[in-house]
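Below is one structure; the comments refer to it alone.
The values are calculated or read from the model by the stated rules, or taken from the named source; none is laboratory data. Given the structure is predicted, the values throughout are model-derived calculations rather than measurements. Every residue, glycine among them, receives a Cβ derived from its backbone with ideal geometry; neighbour counts consider all protein chains shown.
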Amino acid sequence: MRNHKSTVSGKFILFVGFISFTFAALFFMFSQFLARAVNSLLLSFIFLILIILIGIIADIIGTSVAAANEVPFHAKASKRVSGAREGVFLIRNADRVANICNDVIGDIAGTVSGALGIALVIQIMGTWKDLNRFVLNMIITALIAAFTVGGKAYGKKIALSRSNDVIFLVGRIIALLRSITGLSPVKK
């Protein structure tokens, strides 16, 4: 049985707002630094693709956690399978996890990819001055939107059809990070 009771509080909402502001500012500063320092169209394009992929992956996780079933994770946790306890934690906090993944990370990735698109247009215009800036801006913006929306649409298909597998993978990654760092969001 799924518990659809929300765990989101006013304090969590303020926390998410603060984290969103902080991450957006950091991503923007990093992307601007990268755009100025790298001065390579290829590296700028690769960084843009990585930001879009981060947004798509976050959306897959956020959708999967809302669709996952907790029962198989209890069976795995009773056998002490690495990542199962983390999966239960994620599912029990699905509203928070989905909010952070879909809204915080996904929206910031979308905003930063737009800013990187503008930086990419400026870099391209610096190299090929004869190009029409309006047309180039339109093409880059349309490509970013197409990859983001198309990727998220395909990601939703994965998230809904294989939600438990996605959450188990994320749980295993969290367990691995816990074993390396000693830090864990999961209470014993």
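Among the listed residues G151, G110, G106, identify the single one that is modelled with pLDDT of 95 or more, within 20 Å of the chain's Cα centre (by Cα), within 30 Å of N39 (Cα to Cα) and not β-branched (V, I, T). Outline the logic, then answer.
Working: G110 fails: modelled with pLDDT of 95 or more; G106 fails: modelled with pLDDT of 95 or more.
So the residue among G151, G110, G106 that is modelled with pLDDT of 95 or more, within 20 Å of the chain's Cα centre (by Cα), within 30 Å of N39 (Cα to Cα) and not β-branched (V, I, T) is G151.
From the list L116, L136, pick out the single residue that is surrounded by fewer than 20 Cβ atoms within 10 Å (Cβ to Cβ), hydrophobic (A, V, I, L, M, F, W, C), modelled with pLDDT under 95 and assigned to a helix (DSSP H, G or I).
Going through L116, L136 in turn, just one is surrounded by fewer than 20 Cβ atoms within 10 Å (Cβ to Cβ), hydrophobic (A, V, I, L, M, F, W, C), modelled with pLDDT under 95 and assigned to a helix (DSSP H, G or I): L136.
Give the residues of the stretch 8-21 that are under 20 Å from G110 (Cα atoms) and either exposed (fewer than 11 other Cβ atoms within 10 Å of the Cβ) or in contact with a helix residue (DSSP H, G or I) (Cβ under 7 Å, 6 or more places away or on another chain) (or both), sorted by residue number.
Scanning the stretch 8-21 gives V16, F18, I19, S20.
Inspect all residues belonging to the stretch 93-111 and state whether any of them is touching a residue at least 24 places away in the same chain (Cβ under 8 Å) and either in contact with a strand residue (DSSP E or B) (Cβ under 9 Å, 6 or more places away or on another chain) or not in a helix (DSSP H, G or I) (or both).
Looking for residues that are touching a residue at least 24 places away in the same chain (Cβ under 8 Å) and either in contact with a strand residue (DSSP E or B) (Cβ under 9 Å, 6 or more places away or on another chain) or not in a helix (DSSP H, G or I) (or both), one finds at least one in the stretch 93-111, hence yes.
Can you tell me which residue among G155, G171, G150 is touching a Gly at 6+ places or on another chain (Cβ under 6 Å) and either within 13 Å of I52 (Cα to Cα) or in contact (Cβ under 8 Å) with a residue 40 or more places away in the chain (or both)?
Matching residue, one of G155, G171, G150: G171.
Listed here are the residues, each with its yes/no results for (1) free of Cβ contacts under 8 Å to residues at least 60 places away in the same chain; (2) acidic (D, E); (3) within 27 Å of S113 (Cα to Cα).
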site: S40; (1), (2), (3): yes, no, yes
site: L43; (1), (2), (3): yes, no, yes
site: H74; (1), (2), (3): yes, no, no
site: V81; (1), (2), (3): yes, no, no
site: A84; (1), (2), (3): no, no, no
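Which members of the stretch 123-133 meet the condition of being without any contact (Cβ under 8 Å) to a residue 40 or more places away in the chain and either surrounded by 15 or more Cβ atoms within 10 Å (Cβ to Cβ) or outside any helix (DSSP H, G or I) (or both)?
Applying the first criterion (without any contact (Cβ under 8 Å) to a residue 40 or more places away in the chain) to the stretch 123-133 yields 125-126, 128-133.
Listed by number, the residues that qualify are M125, W128, K129, D130, L131, N132.
Say whether the condition of being at pLDDT 85 or above, in a helix (DSSP H, G or I) and among the hydroxyl-bearing types (S, T, Y) is met by at least one residue in the stretch 78-88.
Scanning the stretch 78-88 turns up at least one residue that is at pLDDT 85 or above, in a helix (DSSP H, G or I) and among the hydroxyl-bearing types (S, T, Y).
Considering only the stretch 47-64, I want to know if a residue exists there that is surrounded by 15 or more Cβ atoms within 10 Å (Cβ to Cβ), at pLDDT below 85, among the hydroxyl-bearing types (S, T, Y) and part of a helix (DSSP H, G or I).
No, every residue in the stretch 47-64 fails to be surrounded by 15 or more Cβ atoms within 10 Å (Cβ to Cβ), at pLDDT below 85, among the hydroxyl-bearing types (S, T, Y) and part of a helix (DSSP H, G or I).
Go through (1) touching a residue at least 40 places away in the same chain (Cβ under 8 Å); (2) closer than 20 Å to I108 by Cβ; (3) small (G, A, S) one by one and return the number of the condition A145 breaks.
Unmet condition: (1).
Give the number of residues within the stretch 85-121 that are under 16 Å from F23 (Cβ atoms) and small (G, A, S).
Residues that pass the stated criteria total 6.
Looking at the stretch 30-46 only, could you name the residues that are modelled with pLDDT under 80 and assigned to a helix (DSSP H, G or I)?
Hits for the stretch 30-46 are F30, S31, Q32, F33, L34, A35, R36, A37, V38.
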